[in-house]
Amino acid sequence: MTSYLTRRDFLALAAAASAGLAVSCQLPPRKRPGYPLQYAAIGVGGMGATDLNQISAHPEVEVVALCDVDADNLAKASALHPAAKVYRDWRCLLQEQRHRLDAVSVTTPDHMHAPIALTAMALGLHVYCQKPLTHTVMEARQMAEVAVRKKVVTQMGIQNRAAAPYRQALQIFQQDLCGPIEEVHVWTDRPSGWWPQNTPRPQDQDPVPASLDWDLWLGVAPERPYKKGAYHPFVWRGRKDFGTGAQGDMACHLMDPALWFLGLSAPTQVRSEGPKPLADSFPEWSHIQYQFPPTTKTHARGVELHWYDGGQRPSEALQRFGIADPYANASLFLGKSGALLVSPYEPCRFFLPEQAEVKLTMPEVEVGNHWHQWVDACFGRQQTDAPFAYAALLTEVALLGNIALEFPQQNLHWNSSLMRFAARPDVDALLQPHYRAGWELRSGNTRL
């Protein structure tokens with residue numbers, strides 16, 4: 001059984017919960033030099049272990065608590081941080097440690113990002129949250145609003161922002177080699193070889209491992225039996241109840257340069273040219289088309305952005321510029337004067353319309369640490385590259401693409417200010433979360 005929340009109910013209840021939490025405890029003070037950041041890691045397996053290791057390596061961080069629904073993950077993390085208190089339930093952690101904590105990281109399956117992060121921010125805690133920021137568009141909007149209202153320091157885990165390839169690509173892009181940008185094509189090698197998609201829901205079940213709290217793993221998602229190898233760990237990404245597919249996994253990395261370099265706002269239209277997903281999982285491949293309003297960096301009519309996954313590529317655009325060896329994960333900026341190929345993992349490359357590559361001299365850039373940047377921002381020393389105000393927009397774009405998958409070959413006109421599609425209440429229904437009974441958002445406690 002699921003609990004259905006309307007848009008109005010969700011926003012009103014979130015505001016009420018935030019207000020109730022704010023008066024139920026003393027909010028932690030802003031961090032001052034000389035006092036360590038009291039930090040808890042929620043989710044410490046896989047990428048959660050990476051986040052914990054990176055954040056705890058900052059010399060001004062003290063690991064206060066660790067939380068994971070998998071006891072094996074928790075044991076490994078606890079061995080590295082024996083002084084930290086361990087929890088299986090994030091709600092118990094926040095309830096018991098809220099007076100002591102300053103900040104948390106949230107590295108869980110996508111469907112639990114918003115419930116945990118919203119609760120933490122309502123307590124006045126700074127939050128580092130993995131990408132994609134949320135599971136639904138409405139949650140993304142609420143995450144951005146609460147972060148601003150509670151005046152907490154936030155960062156979404158798109159660590160490529162701080163690495164050399166993107167920082168160099170930005171400086172090259174600012175040389176205006178391409179001219180006004182007319183199209184951007186973005187592609188990834190996911191999900192092939194990473195996790196399954198286009199697979200039906202498993203019908204049988206297996207005994208839950210003794211190390212796993214399956215009910216806590218499900219969290220706000222609808223109940224279903226445990227099946228070995230079908231959900232935990234990692235392969236949940238292809239399942240709609242828990243993940244956001246190839247686009248949710250990689251678009252926050254790969255679409256980032258398009259929004260960042262071009263200064264894009266919300267799209268006005270989205271259309272899927274790929275197959276319709278199954279009821280339980282995302283399709284094997286997708287091609288999503290977006291239309292964005294113009295900026296000073298685009299053509300006067302705006303810019304088209306195309307997303308591809310599952311082995312799809314922009315073959316015509318690649319042929320036009322003679323790009324025979326594109327990267328496996330990249331974005332391609334097209335203008336009348338040339339094309340700039342940008343990857344988070346390799347140096348950017350520039351191509352002329354005559355199908356000739358021009359050798360670029362990579363500029364010197366300062367490489368940063370995305371995790372430490374967040375910690376330093378908690379002390380007021382700098383700002384973060386991916387605060388929730390920006391991360392929510394980037395995540396929303398990716399999630400709108402997933403919504404378009406459900407309505408292939410249809411032009412869906414998006415009104416960002418009203419947070420709805422034009423004359424499409426059937427599409428609007430996919431903007432909001434559906435939380436399992438017992439996990440609803442409630443005022444004055446730490447339940448969502």
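What follows draws every value from the coordinates through simple rules; no lab data is involved. Being a predicted model, the structure only gives us computed values, none of them experimental. All Cβ positions, glycine included, derive from the backbone under ideal geometry; neighbour counts span all protein chains shown.
What the table shows:
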| quantity | calculated |
| --- | --- |
| Value at 222 nm in deg cm²/dmol, rounded to 500, when DSSP H runs of n ≥ 4 in the chain each add -39,500 (n - 2.57) | -9000 deg cm²/dmol |
| Burial ordering of R320, R436, fewest other beta-carbon atoms within 10 Å first | R320, R436 |
| Listed residue (N53, F379, N402) projecting farthest to the positive dipole end of the chain, Cβ model | F379 |
| Reachable aspartates and glutamates from K336, criterion Cα separation under 12 angstrom, eight or more residues apart if same chain | D176, E182, E183, E354 |
| Isotropically averaged projected area of the chain, using the convex hull of Cα atoms (one quarter of hull area), nm² | 20.8 nm² |
| Two-site label geometry, W214 and A57: point separation in nm, points 7 Å out along Cα→Cβ | 3.7 nm |
| Proxy reagent accessibility, fewest Cβ within 10 Å first, across T108, T395 | T108, T395 |
| Mean separation of Cα contacts under 8 Å (6+ apart) over length of segment 344-448, as relative contact order % | 9 percent |
| Size-normalised alpha-carbon gyration radius of segment 215-319, reference 2.2 N^0.38 Å | 1.32 |
| Stokes-Einstein translational diffusion, segment 115-183 - Kirkwood Rh over all Cα pairs, 1.002 mPa s, 20 °C, in µm²/s | 150 µm²/s |
| Protection proxy ranking of 254-263, 279-288, 84-93 - average other beta-carbon atoms within 10 Å, highest first | 254-263, 279-288, 84-93 |
| Nearby lysines by direct alpha-carbon distance to K131 (threshold 27 angstrom, same-chain neighbours under 8 apart not counted) | K31, K76, K85, K150, K151, K227, K228, K240, K276, K297 |
| Kirkwood-Stokes translational diffusion coefficient of segment 59-176, alpha-carbon pairs, 10 °C, 1.306 mPa s, µm²/s | 100 µm²/s |
| Options C92, M112, Q130, ranked by Cα towards positive dipole end of segment 63-182, top entry (Cβ charges) | C92 |
| Per-q log10 I(q)/I(0), segment 161-257, q = 0.10, 0.24 Å⁻¹ (Debye; single scatterer per alpha-carbon; no solvent) | -0.45, -1.30 |
| The chain: DSSP helices with Cα axial extent of at least 15 Å and average Kyte-Doolittle hydropathy no lower than 0.5 | 7-24, 388-405 |
| Spin-label model distance (nm) - A437 vs S315, 7 Å beyond Cα toward Cβ | 5.1 nm |
| Neighbour-count ranking [beta-carbon atoms within 10 angstrom, fewest first] of F351, F234, F388 | F234, F351, F388 |
| Rounded to the nearest 20 debye, dipole of the chain from Cβ charges on Lys, Arg, Asp, Glu | 1060 debye |
